[in-house]
Amino acid sequence: MTQPTEHYDIVIVGGGNAALCAAMTAAEDGAKVLILEAAPKDYRGGNSRHTRNFRCMHDGPLSVLVDSYDEQEYFSDLIKVTDGKTDEGLARMVIRASQECLPWMEAHGVRFQPSLSGTLSLARTNAFFMGGGKALVNAYYRTAAALGVDVLYEAPVRHLQLQGNRIERVDYEYEGVAYSAEPRAVIVASGGFQADLDWLADAWGPPARNFLIRGTPYNRGTVLKNLLDQGVTSIGDPTQCHAVAIDGRAPKFDGGIVTRLDCVPFSVVVNRRGERFYDEGEDVWPKRYAIWGRLVAQQPDQVAYAIVDSRAIPLFMPSVFPAIQADTLEELAEKMDLPPEAVTQTIASYNAACGDTSAFHPTERDGVHTSGIEPAKTNWARPISEPPFYGYSLRTGVTFTYLGLKVDENAQCQTDAGPVENLWAAGETMAGSILGQGYLAGYGMTIGTVFGRIAGREAANYVR
Amino acid sequence: MYADPVEEARRQAQICNSCRYCEGYCAVFPSMHIHRSFSEGDITQLANLCHNCQNCYDACQYTAPHEFALNLPGVLAEVRQESWEQTAFPAAMGKAFHRNGTLIALFSALGMGLLFWAARRLPGGGEGFYAVLAHNAMVAIFLPAFLFPLLALAIGLKRYWKRVDGMPVRLGDITAAFGSAATMRNLAGGHGDGCTYEDDDRFSHKRRVLHQLVMYGFLLCFAATASGTILHYAFAMPAPYGLFSIPKALGLPGGIMLCIGTAGMMWLKAEGRPHLQDLRVRGGEFGFILLLFIVSFTGLALYLFRDTAGLEALLAIHLGSVLAFFLLTPYSKMAHGFYRLAALVRDAQRRRSTS
């Protein structure tokens, strides 16, 4: 049984992928490590438990990955989604290191599987965890325990005492009792602040209270805020979060992957007033779901409604909650609590604006567009005409926040006076050092693994 | 326990179907992911493909206390159980055994043992066992006790096949199914590390190995009996057989494997998490494994103590438990082997038609 009063060389704040990679690496280098995980055991692992793959460079076929994926292609994929707001040096370092992460992960218990059905586009670039992120987290906890790493669950850290250029003390709670530890080194791997709705509302405005949080309710940014308040250097736009459009019926927290809805490109999307507000067919969904998080956030009550007809149903992944169904559009509008007249009017003018649909092609931009309405729908514009009709509500689902701790290539944190000599950060909490905006599927786990291992190595070096 | 296991399994499958993280573990998930909605037959087929390895449960981000409260191994265990009950012939028997498995198994074994005890009054006719009970008397009792369960199983499987919309069976479907069963591919975990049955999320091959000891042990014992029958009728070489004979060469290792395997399976089942099994039949399943253990143990004991005064009693207990085992086959855990094979054949068809 882990004793809160024992002495440890290194304390790691957080219990997800980056924390565990750091813990295992440091323990293998001989350090005595304690993980302080705020969540109970059932919910351990932060947002890592919701992940499904990591993006991995490879010169040739590697484990489940086919063909090759080189540094240049990887980096240009990244630049496309971040619009250039990327630290090129760190980004390339992560990319290059990703290749040797895969065998390291396997050696530490992670098992991979071929890309899941419906994700063929990622078969070359992303290695999927067998069983998903929670299976990865389970395997790492097993391996860490075998290496002598101790873990306390439900042990939230309240304060890291920064004195000059050192962290002197870690204050945390465990089973309702306050403890202080004085480890020689500290690694922060406790994610972003997206589960703190007050903070989110401060940053974004009151509508943020209507956002859904896709991941863990335990990422409240307590330690992040605590360090920033003491002058540790931050990075990333504090007002920004990565948000996508998800099923409006998803739980407030922890809905994870299943709440995604892929129907928008084949839909007409209206707001609460029954009006369209954006081109639903601008591009394929993987390239547009993040934009729609923002678009929905700007609508009244931060909610929107996607309407499709029966022909569209087989074109997208099944939804976790069944669609609302009706034989007429009026009835559907009523069931969805929308003004029926406005909805039927909007769809009638949309239908009238649809032209030749013979080139309709669900998996690529087909140029089947509307004419004469605003906003136009520029692809997949087929009339909504074949009953039964189906509707989904859409809400903004926050995945992560960008504000974090600025680190150097050794994962070390800093203040204006220079490096903090015994403080490192890894994972989502420092990802803003690399990603200024946007997101590339699977890159978060890559950052967490690479920087987790670096932080573990550096901290173990320091305490030796 | 769920009020309506099929409906609950449908709800859970819908969530699994929009996640798919477990796709690589076993045949259940690829078979599930071809559907957008699930008929009762689809759910039945998924349930009979599931080997209760529990890997998906430990990997699942949506198990309780999450509000989605997924427990796919648990709900499929209940659906599976009900599917055997609903397709059993005659129907009344299935339910009775599954609700009271331990008692029925014990009572049957004892009752049959007593019955044989009474057989002392019949004249013996031959050497060894046959001095106790004549060969013809044994055949008269065991032939119907062997044929009736086969008939009942055939009817049950036919009903199952209809329910899961089975297609005409090709040779390739059968070889694929037997190939999978021969290695228990679906208990290897997809990654080859086994399953997380007995110790939270730790993977091991214990269940797979023990199950195969039982399965191959049983098949060896069955082959030993069959070879004895052939020797008896075709070569006029009645029992008893010496150590260096075909029946003994098959039966001795088979009996030992069956003993170790069943004892191990009972231990493993006790270690397993009850809420991931079907609690209504857990007792019955223990009863069945115990019966199989008694069959194998008394079989070995018979060989060891064949020249002692205990022969008669041992023979009665052994043959009594064998009789109970045969008669209960369609209504006990033993049925799972047949339904699983049918599900694997059906799954081979699924793969054939989607590839």
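The values are calculated or read from the model by the stated rules, or taken from the named source; none is laboratory data. All values derive from a computational prediction rather than experimental measurement. Because the Cβ atoms are built from the backbone with ideal geometry, glycine has one as well, and the counts that use them run over all protein chains shown.
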| note | Considering only helices (runs of 4 or more DSSP H) wholly within region B:254-355, the ones with at least 3 residues that are within 17 Å of B:His51 (Cα to Cα) are B:279-304, B:335-354
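Tell me, please, whether a residue that is within 14 Å of chain A (Cβ to nearest Cβ), in contact (Cβ under 8 Å) with a residue 40 or more places away in the chain and crowded, with 18+ Cβ neighbours inside 10 Å can be found in region B:179-190. Full working, then the answer.
As a first pass, look at region B:179-190 and keep what is within 14 Å of chain A (Cβ to nearest Cβ): B:188-190.
Now drop any that are not in contact (Cβ under 8 Å) with a residue 40 or more places away in the chain, which leaves B:189-190.
Now narrow it down to the ones that are crowded, with 18+ Cβ neighbours inside 10 Å: B:189-190.
The answer is yes; a qualifying residue exists.
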| Among A:Thr370, A:Thr415, A:Thr346, A:Thr429, which is buried (at least 18 other Cβ atoms within 10 Å of the Cβ) and within 30 Å of A:Gly448 (Cβ to Cβ)? | A:Thr429
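Would you mention how many residues in region A:14-51 are assigned to a loop (DSSP other than H, G, I, E, B) and of a type in the set (Val, Ile, Thr)?
1
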| query | Which residue pairs have Cβ atoms closer than 7 Å, lie 6 or more positions apart in sequence or on different chains, and pair a first residue in region B:66-85 that is at negative phi with a second residue that is acidic (Asp, Glu) and modelled with pLDDT under 95? | reply | B:Ala77/B:Asp278; B:Glu78/B:Asp278; B:Gln81/B:Asp278
| Which residue out of A:Gly215, A:Gly221 is within 22 Å of A:Gln414 (Cβ to Cβ), surrounded by 17 or more Cβ atoms within 10 Å (Cβ to Cβ), in contact (Cβ under 8 Å) with a residue 60 or more places away in the chain and in contact with a helix residue (DSSP H, G or I) (Cβ under 7 Å, 6 or more places away or on another chain)? | A:Gly221
| request: May I ask you to list the residues in region B:191-208 that are under 19 Å from B:Ala47 (Cβ atoms) and either assigned to a loop (DSSP other than H, G, I, E, B) or among the polar types (S, T, N, Q) (or both)? | output: B:Tyr197
| Of residues in region A:26-54 being within 20 Å of A:Ala97 (Cα to Cα) and surrounded by fewer than 24 Cβ atoms within 10 Å (Cβ to Cβ), the one nearest to the other protein chains (Cβ to nearest Cβ) | A:Glu28
| query | What are the residues in region A:246-281 that are part of a loop (DSSP other than H, G, I, E, B), in contact with a Lys or Arg (Cβ under 6 Å, 6 or more places away or on another chain) and within 23 Å of A:Thr378 (Cβ to Cβ), if any? | reply | A:Asp279, A:Glu280, A:Gly281
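Quick grid of which residues meet (1) touching a Cys at 6+ places or on another chain (Cβ under 7 Å); (2) within 14 Å of another protein chain (Cβ to nearest Cβ); (3) more than 22 Å from A:Ile79 (Cα to Cα); (4) crowded, with 20+ Cβ neighbours inside 10 Å:
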{"residue": "A:Asp283", "(1), (2), (3), (4)": "no, no, no, no"}
{"residue": "A:Gly293", "(1), (2), (3), (4)": "no, no, no, yes"}
{"residue": "A:Val303", "(1), (2), (3), (4)": "no, no, yes, no"}
{"residue": "A:Phe321", "(1), (2), (3), (4)": "no, yes, yes, no"}
{"residue": "A:Ile324", "(1), (2), (3), (4)": "no, no, yes, no"}
| message | From the list A:Val188, A:Val177, exactly one residue is surrounded by 15 or more Cβ atoms within 10 Å (Cβ to Cβ) and out of contact with any His (no Cβ under 6 Å at 6 or more places or on another chain). Which is it? | response | A:Val188
| When you scan region A:113-135, how many residues do you find that are touching a helix residue (DSSP H, G or I) at 6+ places or on another chain (Cβ under 7 Å) and either farther than 17 Å from A:His58 by Cα or within 11 Å of chain B (Cβ to nearest Cβ) (or both)? | 7
| query | Among the listed residues B:Leu341, B:Leu300, B:Leu327, which satisfies the condition of being modelled with pLDDT of 90 or more, within 16 Å of the chain's Cα centre (by Cα), crowded, with 17+ Cβ neighbours inside 10 Å and at negative phi? | reply | B:Leu341
| Can we say A:Tyr153 is crowded, with 17+ Cβ neighbours inside 10 Å and touching a Ser or Thr at 6+ places or on another chain (Cβ under 9 Å)? | no
| said: One residue is enough: does region A:91-107 have a residue meeting the conditions part of a helix (DSSP H, G or I), modelled with pLDDT under 95 and away from every other protein chain (no Cβ under 14 Å)? | reply: no
| query | If you take the residues of region A:93-115 that are among the charged types (D, E, K, R) and surrounded by fewer than 17 Cβ atoms within 10 Å (Cβ to Cβ), which of them is farthest from B:Tyr21 (Cα to Cα)? | reply | A:Arg96
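Do we find that B:Met215 is out of contact with any Cys (no Cβ under 7 Å at 6 or more places or on another chain), surrounded by fewer than 18 Cβ atoms within 10 Å (Cβ to Cβ), of a type in the set (A, V, I, L, M) and not in a loop (DSSP other than H, G, I, E, B) in this structure?
Here the answer is yes, as B:Met215 does meet what is asked.
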| Is it fair to say B:Arg207 is modelled with pLDDT of 95 or more and closer than 30 Å to B:Trp84 by Cβ? | yes
| query | Quick check: anything in region A:381-396 touching a Cys at 6+ places or on another chain (Cβ under 8 Å) and within 23 Å of A:Ala297 (Cβ to Cβ)? | reply | yes
| Test: B:Tyr197 is farther than 24 Å from B:Ile294 by Cα, away from every other protein chain (no Cβ under 14 Å), touching a Lys or Arg at 6+ places or on another chain (Cβ under 9 Å) and not polar (S, T, N, Q) | yes
| request: For region A:120-138, state whether one or more residues are free of Cβ contacts under 8 Å to residues at least 12 places away in the same chain, assigned by TED's automatic domain parsing to the domain that holds A:Cys56, assigned to a strand (DSSP E or B) and not hydrophobic (A, V, I, L, M, F, W, C). | output: no
| said: For region B:50-65, give me each residue that is within 14 Å of another protein chain (Cβ to nearest Cβ), assigned to a loop (DSSP other than H, G, I, E, B) and free of Cβ contacts under 8 Å to residues at least 60 places away in the same chain. | reply: B:Cys60, B:Gln61, B:Tyr62, B:Thr63, B:Ala64, B:Pro65
| request: Working carefully through the options A:Ala195, A:Ala250, find the one that is surrounded by 18 or more Cβ atoms within 10 Å (Cβ to Cβ), assigned by TED's automatic domain parsing to the domain that holds A:Asp29 and modelled with pLDDT of 95 or more. | output: A:Ala195
| Quick one: B:Gly166 ticks every box in (1) surrounded by 14 or more Cβ atoms within 10 Å (Cβ to Cβ); (2) outside any loop (DSSP other than H, G, I, E, B) bar one, so which box is it? | (2)
| message | Within region B:1-49, considering only helices (runs of 4 or more DSSP H) that don't extend past its boundaries, which have at least 3 residues that are free of Cβ contacts under 8 Å to residues at least 40 places away in the same chain and away from chain A (no Cβ under 11 Å)? | response | B:40-49
| remark: Selection from region A:335-369 of residues part of a helix (DSSP H, G or I) and of a type in the set (S, T, N, Q) yields A:Thr344, A:Gln345, A:Thr346, A:Ser349, A:Asn351
